[in-house]
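Student: Sending over a structure as structure tokens; questions will come in a sec.
The values are calculated or read from the model by the stated rules, or taken from the named source; none is laboratory data. These numbers come from a predicted model, not from an experiment. A quick note on method: Cβ atoms are made from the backbone with ideal geometry, for glycine too, and the neighbour counts reach across all protein chains shown. Side chains included, ligands, DNA and RNA excluded: accessible areas come from the protein's heavy atoms. Shrake-Rupley method; radii C 1.70, N 1.55, O 1.52, S 1.80 Å.
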2 protein chains.
Amino acid sequence: MEPELTIQQVAQATGLSVHTLRYYERCDLIAPIGRSTSGHRRYSANDLRWIEFLNKLRLTGMPIRQMQQYAELVRSQPDSGFHRRRQMLESHREAVLAQIQQLQDNLAVIDWKIQHYSELEVTLNDSLKTPPQTHWRSLSKGESA
Amino acid sequence: MEPELTIQQVAQATGLSVHTLRYYERCDLIAPIGRSTSGHRRYSANDLRWIEFLNKLRLTGMPIRQMQQYAELVRSQPDSGFHRRRQMLESHREAVLAQIQQLQDNLAVIDWKIQHYSELEVTLNDSLKTPPQTHWRSLSKGESA
DNA sequence: TTAAAGGTTAGAGCGCACTCTAAGTCAAGC
DNA sequence: GCTTGACTTAGAGTGCGCTCTAACCTTTAA
């Protein structure tokens, strides 16, 4: 009934490597996984859901330390203490929003530069089609390009 | 006339450490900086602009390897080859946009969880104000929280 | 029955981007 | 003259997040 997954299957499903899955378990991001009689890990559907959520945290840049804290909260108070967990997620949320903002701000400068290069290319092309009146080298102003 | 800056001043202005500034020069992200008679670095306004732009690339997550390539292009063809440079920036731009998209997607799941916790807290508060009819523990369904 | 495929562990190694250290030079102020 | 403090270098060390290795065990299919 419970579809018990092998470490390979979980790796496939989550995009994490089997190495990483074992590593996460070792550093308590994942609670000890059930074993088959032979000692091999058998992941439950719940385990998979948890790992998938961990992965969201990871992909939004949460450091392992923080994920460890969060995991510890979930493990120690699975049925209460939502407030503290929510706080953690909300403060992480703010950090991610700030990061997105910073990416966008800095990207704007890069966009501006791309635009600048486009214009230089157009001007350069024009000066190649029509015989150059002025020396095209005068286009560049300093080496800050 | 040219305001020659010390490494300290550039560090202040850019937010990079003096260590990092020397490190960037060592690995050719920054062309060799002019020196005072005593051998101390003296940064020009142009140097500063370049470092500030580098910093934008860095803050948008461009790896040092790529910045090295870009810097090499600028150094080898300061007055031409805009096309290649523009290509690099555009492909980086796409990568950053994809990254922002991924952050937003994953953040949506985290937001959903925050919402979920909020609701649990409200329900929990209610059940504390009015005498509990059902055991509040029944709120949690599994440990995938 | 035997080979291949997949699992286990403890622990070492890696790539990145810094960050720091040690030993020395130099300029300014007391 | 001497101390203080900012600078120089080459090279070592750090923290993060994996990633791999070696030696061994189990399951499966031919």
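Student: Sorted from shortest, what are the nm distances separating the label point of B:VAL109 from equivalent points in the other copies, each placed 7 Å from Cα along Cα to C-beta?
Tutor: Copy-to-copy label distances for B:VAL109: 3.3 nm.
Student: Along the charge dipole of region B:23-95, which of B:TYR70, B:LEU89, B:ILE33 sits closest to the positive end, that is, farthest toward it, with unit charges on the beta carbon of Lys, Arg, Asp and Glu (+1, +1, -1, -1)?
Tutor: Most positive-ward Cα: B:ILE33.
Student: Would you work out the charge dipole size for region B:1-96 about its Cα centre, treating the Cβ of every Lys and Arg as +1 and the Cβ of every Asp and Glu as -1, and quote it to the nearest 20 debye?
Tutor: 160 debye
Student: Moving to a separate point now. Put a point 7 Å out from Cα along the line to Cβ at A:ARG35; what are the distances to that point in the other copies, in nm, shortest first?
Tutor: Counterpart label points of A:ARG35 in the remaining copies fall at 6.3 nm.
Student: For region A:2-18 and region B:93-123, what is the separation of their Cα centres, given in Å?
Tutor: That distance is 23 Å.
Student: How far is B:ARG84 from the same spot in each other copy, in nm, shortest first, if each label point sits 7 Å from Cα toward Cβ?
Tutor: Between copies, matching label points for B:ARG84 lie 5.7 nm apart.
Student: With respect to the axis carrying B onto A, what is the closest chain B residue by Cβ position, and how many angstrom separate it from the axis?
Tutor: Per the Cβ-to-axis criterion, the result reads B:ILE100, 3.
Student: Between chains B and A, what is the buried accessible area in Å², counting both sides, with a 1.4 Å probe and ligands, DNA and RNA left out, to the nearest 100?
Tutor: 4500 Å²
Student: Describe numerically, in nm with one decimal, the distance between label points set 7 Å from Cα along Cα→Cβ at B:SER76 and at B:GLN9.
Tutor: It works out to 3.4 nm between the two label points.
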